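The structure appears right after this line, and notes come after that.
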Amino acid sequence: MKNKTPLALSIPLPEWSGAFISGDTYRSAESRMQLAITLSRMNIESGTGGPFGAAVFDMDTHALISVGMNLVVSAHCSMAHAEMVAISSAQQKLGSFDLGSGTARYELVTSCEPCAMCFGAIPWSGIRQLVCGASDADARAVGFDEGPKMTDWKAALEARGISVRTDLCRQEAAAILQRYAHDNGAIYNGRQGQI
């Protein structure tokens, strides 16, 4: 029997993301959304991924816990969406798969409403609040397949104790998606939307 080294999953964040210091405080919801939008813009300007950004914050102190950006193409990993990267990074930093355990409460701020995969991950992560910029329709309008997400997804999250706010800085967040499509950025859908 050969001694095989097990595979390890590793999705490194782009070098430029180190400029965003964990622990910095973002007092207003708009400033937190501006960070998510900045991450999405920098990701495309740096050529490190798609037009989506996200961050996890402590809901009480508004301190930044982690950042995430879409790294699907560069990481060769279909689950490397901005929300998944931000949540995973927060879980690694805090040493817990459950961001809902303990007394701290965490907020996920994302430049676009979650796709079907990210929607499913939110309740399992322990996140207590979700704030979104661009809409599902904005992402679909430029060609992204957001998957079979239920129509009343906000009510489904709220029924699980997760508050949801949408359309914060929507026009600015949607403009990043439109710019990406205009510049012929890779629209990466599984099987290119074919069933």
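Kirkwood Rh and Cα-based Rg: tell me the resulting Rg over Rh for the stretch 10-90, rounded to two decimals.
0.95
Which ³J(HN,Hα) values in Hz, rounded to whole numbers, follow from the phi angles of the stretch 63-76 under the Karplus curve 6.51 cos²θ - 1.76 cosθ + 1.60, where θ = phi - 60° and Gly and Pro get x?
6, 5, 9, 7, 10, x, 9, 5, 10, 3, 6, 5, 8, 6
Of the listed peptides 79-90, 23-34, what is their order by residue-averaged count of other C-beta atoms within 10 Å, with the highest listed first? Before the final figure, lay out the partial values.
Numbers: 79-90: 24.9, 23-34: 14.6.
My ranking of the peptides, most packed first, is 79-90, 23-34.
Starting with the highest mean, order 47-58, 63-74, 137-148 by the number of other Cβ atoms within 10 Å, averaged over the residues of each peptide.
Listed from highest to lowest mean packing, they are 47-58, 63-74, 137-148.
Over the chain, what is the relative contact order in percent, taking alpha-carbon pairs closer than 8 angstrom and at least six residues apart? Before the final figure, lay out the partial values.
Details: 361 pairs, mean separation 35.0, N = 195.
Relative contact order of the chain: 18 percent.
Going by average Cβ neighbours within 10 Å, how do the peptides 159-168, 94-103 rank, with the highest at the top?
In descending order of packing, they fall as 159-168, 94-103.
Where the centre of each part is set by its Cα atoms, how far does the stretch 35-62 sit from the stretch 117-195, in angstrom?
So the two Cα centres are separated by 14 Å.
Once you have the Cα-Cα distance between GLU158 and THR103, take 0.36 nm times their residue separation minus that, and quote the gain in nm to one decimal.
Stretched out fully, the GLU158 to THR103 stretch lengthens by 17.9 nm.
About the Cα centre of the chain, how large is the charge dipole given +1 on each Lys and Arg Cβ and -1 on each Asp and Glu Cβ? Please answer in debye to the nearest 20. Numbers along the way, then the final one.
Numbers: 16 positive and 19 negative charges, 100 e Å.
It works out to roughly 480 debye.
What are the ³J(HN,Hα) couplings of the stretch 79-89, residue after residue, when phi is run through the Karplus curve with 6.51, -1.76, 1.60 and θ = phi - 60°? Round to Hz, x for glycine and proline.
These are the phi-based 3J(HN,Hα) values: 8, 7, 6, 4, 5, 5, 5, 5, 5, 4, 5 Hz.
Non-local amide H neighbours of SER66 (under 5 Å, H modeled in plane, Pro and chain starts lacking H): which ones?
VAL56
With the full set of protein chains in place, find how many percent of the accessible area of the stretch 29-183 is carbon and sulfur; take the probe as 1.4 Å. Please list the in-between numbers first.
Values: 3320 of 6350 Å².
Heavy-atom surface of the stretch 29-183 belonging to carbon and sulfur, 1.4 Å probe: 52 percent.
With N set to the number of residues, divide the alpha-carbon radius of gyration of the chain by 2.2 N^0.38 Å and report two decimals.
Dividing the Cα radius of gyration by 2.2 N^0.38 Å gives 0.99.
Any idea of the accessible area per residue across the stretch 101-190, 1.4 Å probe, to the nearest Å²?
Details: 4190 Å² over 90 residues.
So the stretch 101-190 comes to 47 Å² accessible per residue, rounded to a whole number.
Compute the distance in nm between two label points, each set 7 Å from the Cα along the Cα-to-Cβ direction, one at ALA116 and one at THR61.
Roughly 3.9 nm, to one decimal.
The values are calculated or read from the model by the stated rules, or taken from the named source; none is laboratory data. Here the structure is a predicted model, which means the values were calculated and not measured. Methodologically, a virtual Cβ is constructed for each residue, glycine included, from the backbone with ideal geometry; neighbour enumeration extends over all protein chains shown. Just the protein is used for accessible areas: all its heavy atoms, side chains included, with ligands, DNA and RNA removed. Shrake-Rupley method; radii C 1.70, N 1.55, O 1.52, S 1.80 Å.
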